[in-house]
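As structure tokens, the structure follows; a few thoughts come after it.
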Amino acid sequence: MLYLKRFATILALLVTSMIGAQADLDQERILLTFIPNVQFAPFYVGLQHGTFSEVGFDVELEHLQEPEVLDLVAVGQANYGIVSGEQVILARSRGRDVVYVFEWFQQYPVALVHSSELDLSNLEQLRGLKIGIPGRFGASYSGLTTLLNSAGLTESEIELNEIGFNAPEVFCLGAVDAAIVYANNEPLQIRNLTDAGECGDLEDVEVLTVASQVDLVSNGLIVNRSQLEEMPYQIARMVGAFREALRITIDNPAGAYLASLSYVDTLPSDDALITALTEAAARQQAFLADGPSRAEVAGSRRTMLEGLSRQFDGALLAQFHVLLDSIELWDADTLGYSDLVSWEAMRDILALMNLLGDDLGDLGAAFSNEFVSVSDE
Amino acid sequence: MKLRAENLAVSFHGPNGDLLPALGPISFTVADDQFVCLLGPSGCGKSTLIRVLAGLLQPSTGAAFCDEEVIKRPLTGSAIVFQDTNLMPWRTVLDNIALPLEIAGMSRSERYSTVRKLLPQLNLEDFERAYPAELSGGMAQRVALGRVIVQAPQVWLLDEPFAALDALTRETLSLELLRLRRRARQTIILVTHDINEAVLLADRVIVMSRRPGRLVADVEIDLPRPRSAEMIYQRDFLQLTKKIRDLIEEQRA
Amino acid sequence: MQTTTVSRDFQARQKRQILLRRLCPLLTILLLLLFWQWITDREIISPILVPSPADVFAAFASALADGSLARHTMTTLGEMMYGLLLGVGVGLALGYAIAKAPLLEYVLSPIIVAFQSTPIVAYAPLLIIWFGTGPSSKVVTTAVIVFFPALVNTIVGIRSVSPRLRDLMRSLNAGPGRTFRLLEFPSALPVILAGLKTSTTLAVIGAVVGEFVGSGSGLGVLVIMARSQYNTPLVVVTVLTMTVIALSLYSLVALLEWRFLVWQRRASA
């Protein structure tokens with residue numbers, strides 16, 4: 001009996017000490033969409049540079065479909081998720097009280113890719129085109145509707161083809177005239193194909209972004225209402241850590257790409273590229289020490305790409321290129337700030353598409369800028 | 001029709017690739033309209049012999065003849081009754097008996113009326129819509145016999161048709177077979193391992209040795225016809241069965 | 001006298017048992033519904049995750065009223081039907097050929113097994129690229145998934161035809177056509193119908209997988225659209241519709257069995 005008691009005490013001590021080792025870090029899941037990809041570089045940077053652990057989080061990343069991310073955050077099974085703003089409006093109209101606290105993508109990433117021979121300077125010319133789209137759902141569909149709306153057209157005036165996430169293949173087969181894609185991803189793939197002469201007769205493509213027409217709210221970090229009310233300080237810590245990681249990524253894409261290599265299995269790399277990126281990252285770090293302006297940093301990114309392009313071929317750099325194009329969608333003077341106008345524009349599109357549920361409520365409650373310090377820069 | 005076997009032998013390939021002799025060599029002749037019983041221990045190759053005579057199996061050496069023509073494939077004039085009844089479980093009594101007629105291309109109404117005429121003498125008139133699984137063993141064997149009768153064959157090859165039946169049913173069916181035969185004479189070869197059955201039915205009994213079966217004895221059965229069940233107690237009958245039994249015992253020794 | 005009463009009692013008891021057995025599935029469904037209602041009433045699980053039966057019924061009524069449910073169901077049903085025709089048709093023909101010519105099995109089995117053991121979800125996107133984004137690619141995904149049970153059961157069915165009945169047919173000088181019609185087909189039918197039961201239930205999966213990858217209409221699309229609009233009740237309605245389709249097709253084959261396999265029923269009685 002006595003032995004048993006002693007044994008139990010030792011066991012209890014052991015267990016508490018084991019928990020104690022991690023007790024100073026809060027376990028948090030961040031739910032992401034899609035699959036591990038260089039576009040999530042800020043999270044990999046945050047994990048590798050310790051920006052999350054510095055403020056007390058042990059972060060685990062998980063990838064799910066967008067509606068699942070939103071519902072799990074809405075019911076409190078996860079505290080943080082990344083979804084697009086339109087999902088927030090849609091879900092709120094059907095009783096999910098989630099709040100968008102950090103606008104990661106400052107520009108709506110959806111775009112229309114088409115042959116350069118096609119002149120779309122006047123959007124009217126979309127009429128009658130055969131356009132490919134993953135499906136009649138999600139950001140791509142909202143983006144297309146926005147473009148059509150700006151052109152004064154309706155869906156019946158074009159020929160819409162659901163092609164899944166196969167835009168490069170279907171587009172290059174010539175099955176569609178244009179395709180709705182993510183501005184930072186497929187256009188690059190298609191350009192690589194045209195450069196290699198593997199995209200039918202097409203020699204070059206152009207990209208028409210939705211953001212060039214209308215400012216729509218895009219991807220950002222969400223939390224649920226009760227969490228927002230109960231533990232705002234924890235959210236502030238998380239938002240702060242993510243903003244820092246995002247800033248590091250924007251400032252030093254070479255370092256961000258190196259960080260992503262440990263998290264994205266399929267990311268192209270070889271020893272020469274890793275050496276070159278390591279050197280580029282170090283040079284960039286030195287350059288940043290002088291406190292350059294946002295425009296100067298943007299210039300340095302272009303220089304970095306030019307330097308690497310001289311050394312490596314397009315296929316090896318494709319994902320690095322995706323990262324740089326993504327950064328253009330993220331960069332802003334005030335990271336994370338969300339504008340009511342972009343929410344209203346999004347809501348109007350969704351209303352136009354007849355997708356909203358009954359209890360729309362106050363659009364102002366859908367997002368909050370309280371964790372985004374304007375004096376950040 | 002006359003049947004003849006000449007130095008007929010069959011071997012099969014064993015699992016190790018070696019040749020396993022199954023039958024013969026054996027030679028005999030069956031005259032037109034004769035009823036012959038093949039008698040022998042189980043596994044002696046009786047069924048194999050029937051399959052050769054039916055044209056379902058080619059002999060390894062020697063040949064079988066029907067009216068002096070080599071049997072190379074199933075003959076239209078001969079019909080076979082298998083050890084088990086070998087009925088199609090998805091066909092009714094009527095359709096099972098009518099199968100040969102259907103294969104011959106007879107119309108449905110024609111073949112049904114042909115079969116219905118036959119049902120009373122098979123004692124099956126109340127069972128035309130029944131399926132094989134619903135029949136007793138004796139009834140099922142009568143259906144199998146009916147399937148042969150509709151073919152009106154000149155040669156009947158019966159491979160232990162009554163082996164699975166109880167003794168009484170077996171005797172009844174054997175005598176029914178004789179009764180059916182009286183209406184139209186045919187050449188019949190019946191395989192059995194029952195001496196009484198052989199003597200009661202046959203004009204001749206051919207006794208075969210153990211595997212690979214060869215001819216041991218060829219016994220003429222000169223009992224008067226028509227035969228009846230009581231005959232098995234008569235002296236002549238008993239003498240014949242004893243003679244055959246002795247021949248088999250000699251074999252065994 | 002006494003024995004008849006006993007047997008009558010026994011019969012009555014048996015009848016009651018049969019009735020009870022028939023009622024059991026309904027009872028299970030009813031209990032499940034009550035349990036579902038109770039969970040949602042008490043909000044044991046958030047209505048975001050599990051909508052109430054009333055909400056689901058409302059979603060069903062509205063999807064029925066605006067014709068969207070019927071339209072998507074017809075698309076999926078059409079894809080399934082053509083997929084079944086193609087997949088089962090090829091399965092039957094190839095199965096028969098393989099059963100008759102074992103050499104074919106050696107030639108084809110690596111391809112067939114590879115096709116079967118690779119999850120269709122994984123290569124469905126390729127099928128979309130190869131066969132286009134229209135219904136044809138869904139017909140192909142359905143055909144691919146229903147093909148295997150049809151093939152295997154045909155091979156097994158034809159190979160297990162009694163060799164003694166084959167002898168009988170040969171002794172009756174039946175040609176290949178008559179042997180097929182009068183022996184092989186009826187003999188293999190029970191096994192083939194069993195395979196068809198599996199195929200029909202798989203057909204729904206095939207069509208919906210194809211629709212998930214990229215499609216304009218169909219129940220798979222309706223699920224995605226409902227989900228992307230956070231209309232969980234409509235998701236449930238769509239999933240239940242798929243269940244009903246699968247069950248109906250299954251019952252249809254069971255009905256075929258009932259009609260064409262009278263002899264089996266009588267044999268087991």
Worksheet entry | chain C: DSSP helices with Cα axial extent of at least 24 Å and average Kyte-Doolittle hydropathy no lower than 0.5 | C:68-100, C:135-159, C:185-213, C:232-260
Worksheet item: Per residue Cα convex hull volume for segment C:1-120, in cubic angstrom?
Response: 281 Å³
Discussion item. Could you give the length gained by full extension between C:Arg164 and C:Trp36, i.e. 0.36 nm per residue of separation minus their alpha carbon distance, to one decimal place?
Written reply: 40.4 nm
Worksheet entry | Whole-number D in µm²/s for chain B (Stokes-Einstein; Kirkwood sum over Cα pairs; 37 °C, 0.692 mPa s) | 173 µm²/s
Worksheet entry | Fraction of the pair-distance distribution of segment A:68-130 above 20 Å, Cα-Cα pairs, percent | 48 percent
Item to complete: Over every pair of different alpha-carbon atoms in segment A:74-193, take the mean of 1/r and invert it; report that Kirkwood radius in Å.
Response: 15.8 Å
Worksheet item: Which lysines, on any chain, are close to C:Lys197 with Cα under 25 Å apart, when same-chain ones fewer than 8 places away are left out?
Response: C:Lys100, C:Lys138
Worksheet item: Which aspartates and glutamates have a Cα less than 18 Å from the Cα of B:Lys72, not counting those fewer than 8 places away in the same chain?
Response: B:Glu6, C:Asp167
Discussion item. Placing one identical point scatterer on every Cα of segment C:173-268 and ignoring solvent, what is log10 I(q)/I(0) from the Debye formula at q = 0.13, 0.21, 0.23 Å⁻¹?
Written reply: -0.62, -1.00, -1.10
Discussion item. On a straight-distance basis, which aspartates and glutamates could pair with B:Lys243 in a cross-link, Cα separation under 16 angstrom, same-chain partners fewer than 8 positions away excluded?
Written reply: B:Asp194, B:Glu197, B:Asp203, B:Asp218, B:Glu220, B:Asp222
Discussion item. Residue by residue through B:87-94, how many Cβ atoms from other chains fall within 10 Å of the Cβ on average?
Written reply: 5
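Which whole number in µm²/s is D for segment B:1-44 by Stokes-Einstein, with the Kirkwood Rh taken over Cα pairs at 25 °C and 0.890 mPa s? All intermediate terms of the calculation are to be shown ahead of the outcome.
Details: Rh = 12.4 Å.
Diffusion coefficient, whole number: 198 µm²/s.
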Worksheet entry | ³J(HN,Hα) computed for each position of segment B:114-131 - Karplus, 6.51 cos²θ - 1.76 cosθ + 1.60, integer Hz, glycine/proline x | 4, 5, 4, 5, 8, 4, x, 5, 9, 6, 10, 4, 8, 10, 4, 8, 6, 9
Worksheet item: Counting only residues 5 or more places away or on other chains, whose amide H sits under 5 Å from the amide H of A:Asn166 once H atoms are built in the peptide plane?
Response: none
Fill in: Convex hull (Cα only) mean projected area of segment B:1-134, reported in nm² to one decimal
10.8 nm²
Worksheet item: When N counts the residues of chain A, how does its alpha-carbon radius of gyration compare numerically with 2.2 N^0.38 Å, as a ratio?
Response: 1.09
Discussion item. At 0.36 nm per residue, and after removing the present C-alpha to C-alpha distance, how many nm does the segment from A:Gln125 to A:Asp290 gain when stretched out fully?
Written reply: 54.6 nm
Worksheet item: When the Debye formula is applied to the Cα atoms of the protein assembly as shown, each taken as the same point scatterer, what base-10 log of I(q)/I(0) results at q = 0.08 Å⁻¹?
Response: -0.87
Item to complete: Please give the net charge around A:Glu206, taking every other residue with its beta carbon less than 11 angstrom from that of A:Glu206, where Lys and Arg add +1 and Asp and Glu add -1.
Response: -2
Fill in: Estimated D of segment C:104-179 in µm² per second, where Rh is the Kirkwood radius over Cα pairs and Stokes-Einstein applies at 37 °C, 0.692 mPa s
214 µm²/s
Worksheet item: How big is segment C:148-199 by the Kirkwood estimate over distinct Cα pairs, in Å?
Response: 11.2 Å
Worksheet entry | Expected-Rg normalisation [2.2 N^0.38 Å, Cα atoms] applied to segment A:247-377 | 1.37
Fill in: Mean shadow area of segment C:48-268 over all directions, Cα convex hull, nm²
15.3 nm²
Worksheet item: Other chains' Cβ within 10 Å of C:224-235 residues: what's the mean?
Response: 6
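Please go through segment B:140-203 and write out the GluC sites (Glu not before Pro) that DSSP classes as loop and that have at most 14 other C-beta atoms within 10 Å.
Those that pass, being in a loop and sparsely packed, number zero.
Just so you know, all these numbers are worked out from the coordinates, no wet-lab data involved. Since we're looking at a predicted model, the values are computed, not measured. Positions of Cβ are generated from backbone atoms using ideal geometry, with glycine treated the same way; all protein chains shown enter the neighbour counts.
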